[in-house]
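Below: one structure, written as structure tokens.
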Amino acid sequence: MTLLTRWDPFREYATLQDRMNRLFRDPRGPEGQDESLTTTAFAPPVDVYEDEHNVTLKIEVPGIDEKDIDVRIENNTLTVHGERKFEKEEKEENYRRVERQYGSFTRTFTLPNTVNQDSVQADYDKGVLKVKLAKKAEAKPKQIKVNVGGQKTLEGKAPSKAA
């Protein structure tokens, strides 16, 4: 089974640096909003699984319109880019706490050689983007018949036991 994993060893350092920078600057942007509400980059969680016919990615992107999601394959690399825009409503201006992340994201996956890049399907339903990558025909498993006993029969008769 092939597993696609994106690992960034410096992600935690970038997050820590961003938090430290926010401590030492004015948190109010030009419009008086908290700047962190609109500029935070995030990485949506992804499940990757594989069967004998497909490699499938399920990406959680709730609250993002399908027109704000871009899926591309180039040079054996799948890139998913999107943006969750901050919804500004006058009557909800006095937030107590904002935990949802806003801003743009990019997730990049190196595809195995077994994937047919011409047969890709992307569906968006209930906040989950499902990208289905079909495998090439030669990469699919083939069942091979195993002969038992090593002796062959002629015309359907069992071999004779000669002394």
Inset, instruction - Would you give the gap between the C-alpha center of the range 46-75 and the C-alpha center of the range 110-143, rounded to a whole Å? - result: 10 Å
Inset, instruction - For the range 101-141, state which trypsin sites (Lys or Arg not before Pro) are in a DSSP loop and have at most 12 other beta carbons lying within 10 Å of their beta carbon. - result: LYS126
Legend entry - Theoretical gain in end-to-end length, PHE24 to PHE86 [0.36 nm per residue, Cα-Cα removed]: 19.9 nm
Legend entry - Inter-label distance for HIS53 and GLU74, nm, one decimal - labels placed 7 Å from Cα along Cα-to-Cβ: 3.1 nm
Legend entry - Karplus-derived 3J(HN,Hα), 6.51/-1.76/1.60, for each residue of the range 76-86, Hz, glycine and proline x: 6, 10, 9, 10, 10, 10, x, 8, 9, 8, 6
Legend entry - Net lengthening on full extension, THR108/ASP8 (0.36 nm per residue, minus Cα-Cα): 34.9 nm
Inset, instruction - Over 25 Å between C-alpha atoms is what I'm after, so list which of LYS67/LYS136; LYS58/LYS135; LYS67/LYS135; LYS67/LYS132 land there. - result: LYS67/LYS136; LYS67/LYS135
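Bear in mind these aren't lab numbers, they're just calculated from the coordinates by the rules spelled out. This is a predicted model, so every value here is computed, not measured. FYI the Cβ positions are ideal-geometry reconstructions off the backbone, even for glycines, and counts take in every protein chain you see.
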